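Inspection log for the structure reproduced underneath, given as structure tokens.
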Amino acid sequence: MAFDTLLIANRGEIACRIIRTARAAGLRTVAVYSDADRDARHVKLADAAIGIGPARASESYLSIERLIAASLKSGAQAIHPGYGFLAERAAFARACREAGLIFVGPSPEAIETLGSKTAAKSLAQSLGIPCLPGYQGPLQDDEHLLTAARELGFPLMIKAAAGGGGRGMRRVEHAADFLDLLKAARAEAESAFGRGELLLERLLSEARHIEVQVMGDHQGKVLHLGERDCSSQRRHQKILEEAPAPGLPEHVREALGDCAVRLARAVNYVGAGTVEFLLDQHEQFYFLEMNTRLQVEHPVTEAVTGLDLVDLQLRVAQGDPLDLEQSDVRIQGHAIEARLCAEDPWEDFAPQAGMISQWRMPSRPGLRIDHGLAEHASVTAHYDSLIAKLVASAADRDTARRRLITGLSDSTVLGVGTNRDLLRLALSDEAFAAARVTTDWLGARLQQWERPQANTRWFCAATALWLAHHAAVHGDLAHWRSSGVHAQSISLRAGQCQVAASVQIAPGTGQVMRITCNDALHEVLIEGGDILVIDHERLKASWQIDATGGWLDLMGFCSAFTEGSREPAGSARNDSDGSIIARMHARVAQVQVSAGSVVAAGERLLSLEAMKMEHHMVSPVAGVIEKVLVQTASQVSPGQLLMTIQANQAPAASSRGPSSA
């Protein structure tokens, strides 16, 4: 079973992470890439790289035939699937076996049993592992599922039987909403996993999401490597994970590990896998599902165990036995991971696509960063929105938490919006700091938090940078007047805020600019490099400026800005006049109205699918649909007009200016 060449059937940060360990193990690595990833970092890191098709995942990273062909062409004897894409497809593992290739993961038979929530739940019940009440039967018609839902009682969860990552999952509060949400869940499941089978499960509110890492070998040994708490989620998708789970009683920890190992042993599990549970307020746990692959959050387990999970995967795949016992697995310290994603948390986590003009990731003790960013990296709507993972570890949880906040503050991505500010808010929140989090906590906080706004010092700094860029392009005479001092007004817009600033500039572009914004006077000096001096205070900043505006990351606030009345890139939104405009590159998943339809304010109009997430667009006004300009399966771009509504009554517009500093 030994191999010396490994093909990584994935992309981005996970491909880079696998390449790092594989090369350390002395293996030759082969990357694959779509047309969109030709210049990606994982392509440059590997020893060889093979193109596998167009940007669309279904024609490249999800094409079993192309991946098998690339493996045979490259001379690889083994394939590592990473996570996502085909990692949990039994058909892929079977195709590898039939082609004489080693699949770095469990057998196709194990994937079929545990990769289906329905089959896995049945197995867990047969082993005496607690499961939530629900329905996971073969009858999948709407009428039967509605009957089963009424017998189960509301609220409840609808879940896709296959796959994970929050796809095909809907929370149903009332019976009247069931059929609409059932239809949406089925459509999303079919799109994501190629299967529309669903199951129903009683909703457990105020629960914690706890998962156990397992590892098995071909000799029949299965170990657990501790647990993780993944309760900090948005839209059923994790954004903060930590190990070990804080405050977990030792008897619960032992019982979770025992159940996870028994489940894996029942199918002769080989490789890395994760068994997921919900834990209620009374510390009773219930089996949810098993992910038959490496997890996005595996680095926190590596940090507290000192084990390299990818190295263990590769050794096991070559037939080596696990060279440790359960008693050898020791948990030391604490680790927390944050997922830095290209998305707008304040606009229903709308994905952000485009060219990253500049990025910076910090290097600090106790901070690990996994990323797939190359120079001039591009974020495409075809794939997941994950940009990088920041993992902080320390002897105790609070130190790890503070290290992660600092690491995020020192991370800069210019060119596309990210969820950095939300991550910092979440980590700083009293509930997270006190480890009082459940799967509902972040959604509740989002209802309370407001989008961060630039203060006047930020706007003054942006004004100075834009004027300095203008002078660099046009020369010192750009700001010259016969009086020797040039005073002018300039208007800048960032997000929803637009301000006018009055500027006095002394001769020479290196001089101090005196800028008045919202009646507050600030002095700004561009010292050079990444330093701005504002009111005699030296501040570290990152910026990218062009003729129309730019990006500025300063004092913990990062945003695009434009000069004058120009709109920042990606700022298109639903207008109160009834114009429905795309905020992202996306595929139209469903159109729910037609020309002539009467709609109420807040009524769902269509669903867009981008970066593995579904986004619902609702009517901003009550009225009648005038035009529908898109259809199901069509591709849309930011700023594209999707439909128009003849409004009955236009709501009053509101605006907010920046805060003073």
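The values are calculated or read from the model by the stated rules, or taken from the named source; none is laboratory data. These numbers come from a predicted model, not from an experiment. Here the Cβ is made from the backbone with ideal geometry for all residues, glycine too, and neighbour counts use every protein chain on show. Keep in mind that these areas ignore ligands, DNA and RNA; they rest on the heavy atoms of the full protein, side chains included. Shrake-Rupley method; radii C 1.70, N 1.55, O 1.52, S 1.80 Å.
Check whether at least one residue in segment 396-407 is closer than 26 Å to G550 by Cβ and within 15 Å of the chain's Cα centre (by Cα), and report yes or no. Checked against the condition, which is being closer than 26 Å to G550 by Cβ and within 15 Å of the chain's Cα centre (by Cα), segment 396-407 yields no hits at all.
Return yes when A392 is without any contact (Cβ under 8 Å) to a residue 60 or more places away in the chain, in contact with a strand residue (DSSP E or B) (Cβ under 6 Å, 6 or more places away or on another chain) and crowded, with 20+ Cβ neighbours inside 10 Å and no when it is not.
Working: without any contact (Cβ under 8 Å) to a residue 60 or more places away in the chain: yes; in contact with a strand residue (DSSP E or B) (Cβ under 6 Å, 6 or more places away or on another chain): yes; crowded, with 20+ Cβ neighbours inside 10 Å: yes.
So A392 passes the test.
Selection within segment 255-269: residues that are touching a helix residue (DSSP H, G or I) at 6+ places or on another chain (Cβ under 7 Å) and open to solvent by less than 20 Å² (accessible area, probe 1.4 Å). The member of this set that is farthest from A93 (Cα to Cα) is L263. Within segment 517-551, being among the hydroxyl-bearing types (S, T, Y) and either at positive phi or at pLDDT 90 or above (or both) holds for one residue alone: S542.
One residue stands out in segment 522-561 among those that are open to solvent by less than 50 Å² (accessible area, probe 1.4 Å) and hydroxyl-bearing (S, T, Y): the one that is nearest to the chain's Cα centre (by Cα), namely S559. For A184, indicate whether it is out of contact with any helix residue (DSSP H, G or I) (no Cβ under 6 Å at 6 or more places or on another chain), of a type in the set (G, A, S) and either within 15 Å of L279 (Cα to Cα) or in contact (Cβ under 8 Å) with a residue 40 or more places away in the chain (or both). Against the criterion (out of contact with any helix residue (DSSP H, G or I) (no Cβ under 6 Å at 6 or more places or on another chain), of a type in the set (G, A, S) and either within 15 Å of L279 (Cα to Cα) or in contact (Cβ under 8 Å) with a residue 40 or more places away in the chain (or both)), A184 qualifies. Within segment 234-245, restricting attention to residues that are open to solvent by 20 Å² or more (accessible area, probe 1.4 Å) and under 18 Å from R436 (Cβ atoms), which residue is farthest from the chain's Cα centre (by Cα)? Going through the qualifying residues, I end up with P244. Among the residues of segment 504-521 satisfying the criterion of being touching a residue at least 40 places away in the same chain (Cβ under 8 Å) and surrounded by 21 or more Cβ atoms within 10 Å (Cβ to Cβ), which is nearest to L465 (Cα to Cα)? Selected residue: M513.
Answer yes or no as to whether G166 is under 26 Å from the mean Cα position of the chain (by Cα) and either basic (K, R) or on the phi > 0 side of the Ramachandran plot (or both).
For G166, the condition - under 26 Å from the mean Cα position of the chain (by Cα) and either basic (K, R) or on the phi > 0 side of the Ramachandran plot (or both) - is met.
Considering (1) farther than 27 Å from Q284 by Cβ; (2) among the charged types (D, E, K, R); (3) at pLDDT 90 or above, the lone condition that E188 does not fulfil carries the number (3).
Filter segment 318-331 for residues that are assigned to a loop (DSSP other than H, G, I, E, B), acidic (D, E) and open to solvent by 70 Å² or more (accessible area, probe 1.4 Å) and give the result. Working first, answer last.
Looking only at segment 318-331, we keep the residues that are assigned to a loop (DSSP other than H, G, I, E, B), and these are 318-325, 329-331.
So of that shortlist, the ones also acidic (D, E) come out as 320, 323, 325.
Result: D323, E325.
Residues in segment 463-490 that are open to solvent by 30 Å² or more (accessible area, probe 1.4 Å), modelled with pLDDT of 75 or more and not in a helix (DSSP H, G or I): Q488, S489.
Here the strands (runs of 3 or more DSSP E) wholly within segment 332-393 that include at least 3 residues being of a type in the set (A, V, I, L, M, F, W, C) are 334-341. Taken over segment 49-67, the residue count meeting the criterion of being open to solvent by 20 Å² or more (accessible area, probe 1.4 Å) and of a type in the set (V, I, T) is 2. The condition of being at pLDDT below 95 and among the basic types (K, R) holds for only one of R41, R56, R97, that being R56.
Looking at A76, A120, A95, A110, can you tell me which residue is surrounded by 18 or more Cβ atoms within 10 Å (Cβ to Cβ), assigned to a helix (DSSP H, G or I) and either in contact with a strand residue (DSSP E or B) (Cβ under 8 Å, 6 or more places away or on another chain) or aromatic (F, W, Y) (or both)?
A120
Looking for something open to solvent by less than 40 Å² (accessible area, probe 1.4 Å), assigned to a strand (DSSP E or B) and in contact with a Phe, Trp or Tyr (Cβ under 9 Å, 6 or more places away or on another chain) - is there at least one such residue anywhere in segment 173-192? Checked against the condition, which is being open to solvent by less than 40 Å² (accessible area, probe 1.4 Å), assigned to a strand (DSSP E or B) and in contact with a Phe, Trp or Tyr (Cβ under 9 Å, 6 or more places away or on another chain), segment 173-192 yields no hits at all.
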